[in-house]
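These notes are about the structure you will find just below.
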Amino acid sequence: MIDCVASWIRAAQRLVLLTGAGISAESGVPVFRGPGGLWRQFRPEDLATPGAFDERPELVWEWYVWRRERIAAAQPNQGHHVIAHWQQTRAAALLTQNVDGLHERAGGGPSIELHGNLWRVRCAQGCGFRAHDNHASAPRTALRCRCGGWLRPDVVWFGEPLDPQALDGATRAAEGADVVLVVGTSAVVYPVAALPHLARRHARLVEINIDETALSAAADATLRGPSGEVLAALERAL
Ligand code: BJW
Ligand code: ZN
C-alpha cells in the first residue's frame with residue numbers, strides 16, 4: 001500500500017495535507033479524544049468555549065499555560081519534517097487543525113491554521129488587538145489588553161466560526177487537490193471534517209492514522225500506524 005500511495009504522491013500536481021492532533025502525538029503533545037486525550041481529563045465545555053472563558057478566564061488560561069509549557073518543551077517529529085520537506089519540494093499545501101505551531105517550527109513555510117494558534121493572543125473584548133506571545137508561562141498581569149478587556153488565546157473554540165479566509169483557502173485547496181493525505185485526525189469536528197469529502201469526488205483520499213476514524217470508510221487508501229513512521233516510510237518510497 002505504501003508503494004501505491006507513493007506513486008500517487010509522485011504523480012500529484014496538487015498535493016494537500018490535512019493534519020490533526022495525532023501528527024504531534026509522537027512529539028509528546030496530547031491528543032483530544034481517545035486514550036490519553038485531553039477530553040478524558042477535562043470537559044471541553046469547561047475550557048474550550050467562549051462561555052467558559054467569560055465565566056472563568058483565569059482557569060482557562062491556566063490550562064493554556066500548562067499546554068504551552070508542554071509544547072514549548074516538545075520538538076517537531078519526523079512527520080512534521082517530512083511534511084515541511086514536501087511543502088518545499090512538492091508545493092504541498094498544508095491545512096492544520098493544530099494550534100501548537102510545530103509545523104511552523106519544522107520550517108516548511110506557510111500553512112492554513114484552521115483552529116488558530118496558541119502562541120498568539122487577541123482581545124476578547126473585540127477591540128481588534130492581536131499579537132504573538134511566545135512566553136510559555138504568561139504572567140497574569142500580561143493577560144489584560146490595553147483596552148482593559150481580557151486577552152484570550154487566538155484559537156477557535158466550540159461554537160465559534162472559523163476565520164472565513166482560512167476556511168475559504170482550505171476549501172479551495174481541497175477542491176483543487178488531486179491527492180489529499182489526512183493525517184492524525186479523528187475527523188469529527190466540523191467544518192474541517194467536511195473538507196476531505198469535498199476532495200473525494202476528484203482526488204485520491206489517503207488516511208494516515210493509528211486507528212479507524214469517521215473518515216476511514218471514505219478513504220481510497222488507509223495507512224495504519226504512527227504518522228511520523230508512516231510519513232518517513234512514504235518519503236523513502238518516493
Ligand atoms: C495518531 C497518532 C499517531 C493518535 N499517529 N494518528 C453536531 C453535529 C455537527 C457539528 C456540531 C454539532 N454540535 C456542535 C457542532 C459544531 C462543532 C463540532 O463539530 N462539534 C463536534 C465535536 C460534534 N464545531 C464547532 O463548534 C466549530 N465551529 C463551528 O461550527 O462554527 C459554526 C458557526 C458559524 C457562525 C457563527 C458561529 C458558529 C469550531 C470547532 C473548534 C474546535 N476547537 C478545538 C480546540 C482548539 C483550541 C485548542 O486546541 O485549545 O480544536 S476542539 C479540538 O478538536 C481541537 C482540534 O483541532 C479538533 C480536532 O481534533 P483532532 O485534531 O481530530 O484530534 P483528536 O484528538 O480528535 O484525534 C486525534 C487522532 O489522532 C485520532 O484519530 C487518533 O487515532 C490519532 N492518533 N496518535 C497517527 N501517533
Ligand atoms: Zn482590547
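The table for this structure:
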| item | result |
| --- | --- |
| The chain, accessible surface, carbon-and-sulfur percent (1.4 angstrom probe) | 50 |
| Separation of alpha-carbon centers, the range 102-131 and the range 1-70, rounded to whole Å | 14 |
| Protection proxy ranking of 121-127, 168-174, 97-103 - average other beta-carbon atoms within 10 Å, highest first | 97-103, 168-174, 121-127 |
| Total charge dipole magnitude, the range 68-215, about the Cα centre, Cβ charges on Lys, Arg, Asp, Glu only, Debye to nearest 20 | 480 |
| Ordering of 37-43, 89-95 by packing [mean C-beta count within 10 Å, highest first] | 89-95, 37-43 |
| Share, in percent, of DSSP beta bridges within the range 1-137 that are antiparallel, nearest 5 | 35 |
| Candidates Pro44, Pro30, Pro226: whichever shows maximal mean-square fluctuation once the chain is modelled as a Gaussian network with Cα springs under 10 Å | Pro44 |
| Ser7 versus His135: modelled label distance in nm, points set 7 Å from Cα along the beta carbon direction | 5.6 |
| Selected from Leu94, Gly107, Ala6, residue furthest toward positive end of dipole (the range 1-116; charges at beta carbon) | Ala6 |
| Environment charge at Glu207 (Cβ cut-off 12 Å; Lys +1, Arg +1, Asp -1, Glu -1) | 0 |
| Solvent-accessible area per residue for the range 6-110 (1.4 angstrom probe, square angstrom) | 45 |
| Average projection area in nm² (convex hull over Cα atoms of the range 108-238, one quarter of hull surface) | 10.0 |
| Whole-angstrom Cα spans of the chain along principal axes, big to small | 56, 31, 30 |
| Total formal charge among the other residues, if their Cβ is under 11 angstrom from that of Pro30, Lys/Arg +1 and Asp/Glu -1 | +3 |
| Listed residue (His132, Leu205, Gly176) projecting farthest to the positive dipole end of the range 122-214, Cβ model | His132 |
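The values are calculated or read from the model by the stated rules, or taken from the named source; none is laboratory data. Treat the numbers as computed from the prediction; the structure is a model and nothing was measured. Glycine also receives a Cβ, built like all others from the backbone with ideal geometry; neighbour counts cover every protein chain displayed. The accessibility values were calculated without ligands, DNA or RNA, using every heavy atom of the protein model including side chains. Shrake-Rupley method; radii C 1.70, N 1.55, O 1.52, S 1.80 Å.
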